[in-house]
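Chemist: Below is one structure. I have some questions about it.
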Amino acid sequence: MPVRNLNGAGAQFVRNAWYAAAWPDELVAGKPLGCTMLSEPVVLYRRADGIPAALEDRCVHRSMPLSLGRVRGDFIECGYHGLQYDCTGACVRIPGQQAIPRMARVRSYPAVEQDGFVWVWMGDTGCADPAKITRFPWMTRPGWQHTKLHARIACNYQLIVDNLLDLSHLAFVHSTTVGSIELADAAIVKTERTQDGVRTSRWTLDVPPARTYAQFGRYECNVDRWQLSDFHAPCTLVIRNGSAKAGTGASEGRSGEQAWEFIVCHGVTPETDRTTSYFWAVTHDFGADDAEATAEFHRQCQQVIGEDIAVFTAQQRMLDLKPDAPLIDIRYDQGPKEARRIVARLLADERSDPASAGEKHHVPA
Amino acid sequence: MPVRNLNGAGAQFVRNAWYAAAWPDELVAGKPLGCTMLSEPVVLYRRADGIPAALEDRCVHRSMPLSLGRVRGDFIECGYHGLQYDCTGACVRIPGQQAIPRMARVRSYPAVEQDGFVWVWMGDTGCADPAKITRFPWMTRPGWQHTKLHARIACNYQLIVDNLLDLSHLAFVHSTTVGSIELADAAIVKTERTQDGVRTSRWTLDVPPARTYAQFGRYECNVDRWQLSDFHAPCTLVIRNGSAKAGTGASEGRSGEQAWEFIVCHGVTPETDRTTSYFWAVTHDFGADDAEATAEFHRQCQQVIGEDIAVFTAQQRMLDLKPDAPLIDIRYDQGPKEARRIVARLLADERSDPASAGEKHHVPA
Amino acid sequence: MPVRNLNGAGAQFVRNAWYAAAWPDELVAGKPLGCTMLSEPVVLYRRADGIPAALEDRCVHRSMPLSLGRVRGDFIECGYHGLQYDCTGACVRIPGQQAIPRMARVRSYPAVEQDGFVWVWMGDTGCADPAKITRFPWMTRPGWQHTKLHARIACNYQLIVDNLLDLSHLAFVHSTTVGSIELADAAIVKTERTQDGVRTSRWTLDVPPARTYAQFGRYECNVDRWQLSDFHAPCTLVIRNGSAKAGTGASEGRSGEQAWEFIVCHGVTPETDRTTSYFWAVTHDFGADDAEATAEFHRQCQQVIGEDIAVFTAQQRMLDLKPDAPLIDIRYDQGPKEARRIVARLLADERSDPASAGEKHHVPA
């Protein structure tokens, strides 16, 4: 059946989830950072102890964005008339008056810094369990390096998730770096449900290495290549990409000879129905001894993400032009379709139990 | 009660009023000037005698803006097919034909040049009394100088009026020039209805001078500081700002010692619900002997207006995002709220007597 | 009666027509070219034999524009997942699978290259008769030269047609080059229905030549001047512009002395209700021996089209602001109004027989 409403127009977002909100180095001490998440204005700042705080980015007085104000110790001060808020969202000071109305408070969101990301929980505060945050340990592991990008992309976030669960597109979108035609023609793909999402495992056996693989894996032979995408609903992914000498057992669970791998961490945070705040980092533990080769590998990775972004925005432009055009599925769409089903289920669950979605504040018993 | 619809979306504008339309030096002889006022396209031009004329900026033939045409003596000629209009809006020439249809006329608006502003009356022509124009005599008074700005601001005009009737914001928005924290914490504010608007009188006594005051008022002592905002509904304001040595009687009606003052003239003309044509001029009679100091004072003033514009556009952005978010009033909002009530009353009056609002032309008895 | 809805908002477009789609030199071998025609996304490309093909610019899989893909011989390949389409719009390859769903096809449009234009038929495929394409033989005729422009104009296409059927505007819009005041004041205009449109014939007799005419026609005397606009509904025009020595019989069908002429070819293709893809070329057979004079003539022509574009976009801006403002007709509007009537009739015919408008594919008996 054709997937309609690919662009998710009018869709609600899953609220009970940890979303990537910033790189830690974007959130400098003393400087508030405004962003949009799930169509809500959010301001991030660091408390005096450096821990991130996240509030609604709108002063209750006259709708000034708090992100244009100042950090004052643990508080954030509106830049217009000086109202101050603590990290629970309570207004704690109104210049010129003693009494502070009970209603003078903005929404606060749980925020956590972990694995080189700042995470924000957009749903029911009482359900915010940091243990549920997707782990990206390679971001901060000694001996590992990464190249990264945070960009606002003019597309619905699900177009990005689709892309990452069907890596046959490398053959066409990234044919000059990480792609080769065999990834589309000869891949063996397995799609599995996982505890919190879906995994697509792609194996392409005994094929010439794509340019990037040949160059940095130093292959002069055919390879067995893997692309393992783990989608953690609704909005994070880990993708392991690698290869080993063909026929040396990598696809049967052995380590394989001359194995080479990089791992990509994705935070795909909806800003609005048509824009996404996309966090992307390629991590790897090779090349620590060769700065020049690492720089070239990073350059190729950045080219790849640029090519993907061009696809996302072109798709969104066409979906806006013809929102009701029917779509045809192909064999490789099993993973993306399963991901959309999981997200739809989460949305339906939240709709049937709105309290859990954070529309009101949870009062722990 | 929270003020809803702060952004005035969908609001009508008060029509029976004189609105700032241009600086005289923007309206050069022989060159039409197009603008938008109260959501209407208006073209200004100078007649042969130099007096300003204002017409609807739309040729009745094929909707070409007349502002892209030419001034021909007392007439304005459409740049497309050459239709000419006199300053009453009557079409007086159609190339290629003798007969001119009775309907071939555009709306005309009374226009007056006074006190360094060009004013246009947008309502019932028969009610256009130039004596009702807000006076800004300091703009053209010998010995007085000014620095000025005309800018299109991406906000509803009432956000600007709010700003000018609550000057506690200087403590936060302009803290490096004309503001100090005492303006928010220690000011004594009085709000009064006036014949055509509202006046807020702010006195902050025995406080250190803000940077700009210390520098140009040459204080080495505390000051008594005044901020007197006169709002003339719906869209003009005069603000007197000054100080004198603390305790020398300025707040009791005496002239005070080492008194120093500047007067700001504001024309806040709605273009649309979300954009404003803002005229702002700081006038003063000090510094005539010191060009360098005057230049520095003007630079600080221009910094101040830039800071305000950043606030207005940020508020409007947030109001567009969350138009129905509740707002909390604070003690200093009495003046702004009174101004909004007066404007709402004027609008209601015009709605109940549409004839007076200029929807049709008034025929004097 | 005033013409309402001048901007054609919400209007359908005439589908059963050949529309200018590209210059041949814009459509280079191997490179797809995306455009919007009649609110539809269209991709043009050259087949292996160089003949143009035109398809819906949207892959049926995930809405990727095919124009961002690659030409593969006679096929076009989607740049995302590699689906290939032949020039009938049928999907002929899906990487990774053998079966191709019957529904996997995009719309195709007849396309023809002729007279220096690429033409696309947007309606019922079975009715696409290349013999109905407006001929512009001067574009490719030996000894003839031209200067041309293809631009996306922010206006409804009918504003351009209006302009070209009432050339009195030259007196005002192009007064420094091809216009003189007599074109508006003294022209004798005849308006006739033709087989597929309307012709306005304008003769302005015994008048001083406009600057461009004096310069390139080398007149030192008055001229008889002609402006003959042939509108072929819905969207092409040929305009013959020329002059001869006054009183030498040009207006009576003789060739006239010192006759001088240039012919302008117009393809006015609607992109959307408010944007037009405009193809314009001035052709002439004089000046072959004088490159410098030709360059100057071309410069003046390009100035003229720039002046027209400024008019179109200003009109559209005003129509958007005041879509329901009444309009007054003048004597010279007979041609433009007749053209609008013809287009309205064609639209009504297609509405009453939707099958013919290409909403479904025609099956020849």
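Chemist: Write down the Å³ per residue value for the convex hull defined by the alpha carbon atoms of the protein assembly as shown. All intermediate terms of the calculation are to be shown ahead of the outcome.
Modeler: On the way: hull volume 264.2 nm³, N = 1095.
Looking at the protein assembly as shown, the number lands at 241 Å³ per residue.
Chemist: Here's another thing I want to ask about it. Evaluate the relative contact order of chain B (contact order divided by residue number), counting alpha-carbon pairs under 8 angstrom at least 6 apart; express in whole percent.
Modeler: Details: 782 pairs, mean separation 75.6, N = 365.
Computed value for chain B: 21 percent relative contact order.
Chemist: Keeping the other protein chains in place, figure out the carbon and sulfur percent of the accessible area of the protein assembly as shown, with a 1.4 Å probe.
Modeler: Values: 22520 of 43580 Å².
Solvent-exposed carbon and sulfur of the protein assembly as shown make up 52 percent of the total.
Chemist: Between B:Ala186 and C:Glu292, with labels modelled 7 Å along Cα→Cβ, what's the label distance in nm to one decimal, could you check?
Modeler: According to this spin-label approximation, the distance is 7.9 nm.
Chemist: Keeping all protein chains in position, work out how much accessible area C:Glu307 exposes to a 1.4 Å probe, and write it in Å² to the nearest 10.
Modeler: 40
Chemist: With r defined as the distance between the Cβ atoms of A:Gln258 and A:Thr194 and R0 fixed at 22 Å, what FRET efficiency is calculated, to the nearest 0.05? It would help to have the intermediate numbers written out before the result.
Modeler: Working: r = 29 Å, r/R0 = 1.33.
Rounded to the nearest 0.05, the efficiency is 0.15.
Chemist: Could you quote the convex hull projected area for segment C:112-245, Cα atoms only and averaged over all directions, in nm²?
Modeler: Taking the Cα atoms of segment C:112-245, their convex hull projects to 9.8 nm² on average.
Chemist: Moving to a separate point now. May I ask for the percentage of alpha-carbon pairs in chain A that lie more than 26 Å from each other?
Modeler: The proportion of pairs with Cα distances above 26 Å equals 55 percent.
Chemist: According to a simple spin-label model (label point 7 Å from Cα along Cα-to-Cβ), what is the distance in nm between C:Ala90 and C:Ala151?
Modeler: The two pseudo-label positions are separated by 4.4 nm.
Chemist: May I ask for the percentage of alpha-carbon pairs in segment A:209-348 that lie more than 26 Å from each other? Write down the numbers at each step before the final one.
Modeler: Values: 3695 of 9730 pairs.
That tail contains 38 percent of the Cα-Cα pairs.
Chemist: Once the dipole of the protein assembly as shown is set up with Lys and Arg at +1 and Asp and Glu at -1 on Cβ about the Cα centre, which of C:Pro130, A:Gly249, C:Ser175 lies farthest towards its positive end?
Modeler: Positive-most Cα among the choices belongs to C:Pro130.
Chemist: Related question: Which value at 222 nm does chain A reach when only helices count, each DSSP H run of 4 or more adding -39,500 (n - 2.57), with the total divided by all residues and rounded to the nearest 500 deg cm²/dmol? Intermediate values should be presented prior to the final figure.
Modeler: Working: 6 runs with 74 residues, N = 365.
Estimated from H runs of four or more residues: -6500 deg cm²/dmol.
Chemist: Dipole magnitude of segment C:164-271 about its Cα centre, charges +1 at Lys/Arg Cβ and -1 at Asp/Glu Cβ only, in debye to the nearest 20?
Modeler: Details: 10 positive and 13 negative charges, 23 e Å.
So the magnitude is around 120 debye.
Chemist: Now a separate question. Using a Förster distance of 56 angstrom, determine the FRET efficiency expected from the C-beta separation of C:Thr176 and B:Lys322, and round it to 0.05.
Modeler: Working: r = 52 Å, r/R0 = 0.93.
Calculated value: 0.60.
Chemist: Continuing with the same structure: Taking the Cα centre of segment B:42-145 as the origin, how large is its charge dipole in debye, to the nearest 20, when only Lys and Arg (+1) and Asp and Glu (-1) carry charge on their Cβ atoms? Don't skip to the end; give the middle numbers.
Modeler: On the way: 13 positive and 10 negative charges, 43 e Å.
Once rounded to the nearest 20, the dipole reads 200 debye.
Chemist: Separate question: Principal axes first, then extents: for the Cα atoms of segment B:192-242, list largest minus smallest coordinate on each axis, whole Å, largest first.
Modeler: Between the extreme Cα coordinates on each principal axis of segment B:192-242 lie 39, 18, 10 Å.
Chemist: Sort out for me the Cα centre separation of segment B:116-185 from segment B:224-283, rounded to whole Å.
Modeler: Using only Cα atoms, the two centres lie 8 Å from each other.
Chemist: Give, rounded to the nearest 20 debye, the magnitude of the charge dipole that the protein assembly as shown has about its Cα centre when Lys and Arg contribute +1 at Cβ and Asp and Glu contribute -1 at Cβ. Numbers along the way, then the final one.
Modeler: Details: 117 positive and 132 negative charges, 347 e Å.
For the protein assembly as shown, the charge dipole is close to 1660 debye.
Chemist: How high is the relative contact order of segment C:241-365, in percent, with contacts defined as C-alpha pairs under 8 Å that are six or more residues apart?
Modeler: Numbers: 75 pairs, mean separation 13.5, N = 125.
RCO, segment C:241-365: 11 percent.
Chemist: Name the residues of segment A:157-174 whose accessible area falls by at least 40 Å² when all protein chains are present instead of the chain alone, probe 1.4 Å?
Modeler: A:Phe172
Chemist: B:Arg107's amide H: which non-local residues (gap 5+, or another chain) put their own amide H closer than 5 Å, with H modeled 1.01 Å from N in plane and none for Pro or chain starts?
Modeler: B:Glu56
Chemist: Using r as the Cβ-Cβ distance of A:Ala99 and B:Ala348, and R0 as 45 Å, what FRET efficiency do you calculate, to the nearest 0.05? Numbers along the way, then the final one.
Modeler: Values: r = 32 Å, r/R0 = 0.72.
My answer for the efficiency is 0.90.
Chemist: Give me the summed buried accessible area for the C-B pair, 1.4 Å probe, to the nearest 100 Å².
Modeler: Values: alone 16910 and 16930 Å², together 31440 Å².
Chains C and B together bury roughly 2400 Å² of accessible area.
Chemist: Per residue, how much accessible area does chain B show when a 1.4 Å probe rolls over the protein heavy atoms, in square angstrom?
Modeler: Working: 14530 Å² over 365 residues.
Value returned for chain B: 40 Å² of accessible area per residue.
The values are calculated or read from the model by the stated rules, or taken from the named source; none is laboratory data. Predicted model only: the values in this text are computed from it and were never measured. Here Cβ is always computed from backbone atoms with ideal geometry, including for glycine, and neighbour counts include all displayed protein chains. Only protein heavy atoms, including side chains, enter the accessible area calculation; ligands, DNA and RNA are left aside. Shrake-Rupley method; radii C 1.70, N 1.55, O 1.52, S 1.80 Å.
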